[in-house]
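Take a look at the structure below.
Since every read-out is calculated from the coordinates, none of them should be taken as a lab result. Given the structure is predicted, the values throughout are model-derived calculations rather than measurements. Methodologically, a virtual Cβ is constructed for each residue, glycine included, from the backbone with ideal geometry; neighbour enumeration extends over all protein chains shown.
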Amino acid sequence: MKRHSYIKKIIAILICAALAAYINGCNVKNIDEEKIRDLEYVIMEEENIPEEVYEQVIASQDEFCRKAYVCSDVLYIVVCYGAQPTEGYTIEVNQLYESSNAVIVETTLKGPSGMDKVAEVISYPYIVLQVENVDKTVVFN
């Protein structure tokens, strides 16, 4: 009898979780990607990155990640490309603009050219962009 009751509780929990996921999925808003204006940005030097943002960069550097943080009413956009087999990688900002309901960001990881002599050590390329906080969802393309 106890086992039957236990199974019913698990089924009830799974149904609630599925319902919550379904309801949350219904709240997804459409992102307008039509550009209103380009956003100016500053590529942050490591020593100028706010400590709380830098801690997140270090915690995430092993994996590909894209995040946005607001500190002191300034938006920081972080893109980490994870562990790479050599040094010499750079990150290019292809697009950074504002739409009616989002900030759109697109970056590309550029590897060292065949002509470059690079050390074969693991590197962790990342970029932190300081941007005006326009209080919109950040979308990474």
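Around Q130, with a cut-off of 11 angstrom between Cβ atoms, what is the net charge of the other residues, counting Lys and Arg +1 and Asp and Glu -1?
Its environment carries a net charge of -3.
Lysine pairs in the range 30-140 8 or more apart or on different chains: how many have alpha carbons under 23 angstrom apart?
Numbers: K35/K67; K35/K136; K67/K110; K67/K136.
So the count works out to 4.
Only four residue types carry charge here, +1 at the Cβ of Lys and Arg and -1 at the Cβ of Asp and Glu. Report the dipole size of the range 30-140 about the Cα centre in Debye, rounded to the nearest 20.
Result for the range 30-140 is approximately 320 debye, rounded to the nearest 20.
With r as the distance between the Cβ atoms of E46 and I122 and R0 = 22 Å, compute the FRET efficiency 1/(1 + (r/R0)^6) and round to 0.05.
E between I122 and E46, to the nearest 0.05, is 0.80.
Which whole-number percent gives the relative contact order of the range 30-140, counting Cα pairs below 8 Å spaced six or more residues apart?
Reported as a whole number, the value is 36 percent.
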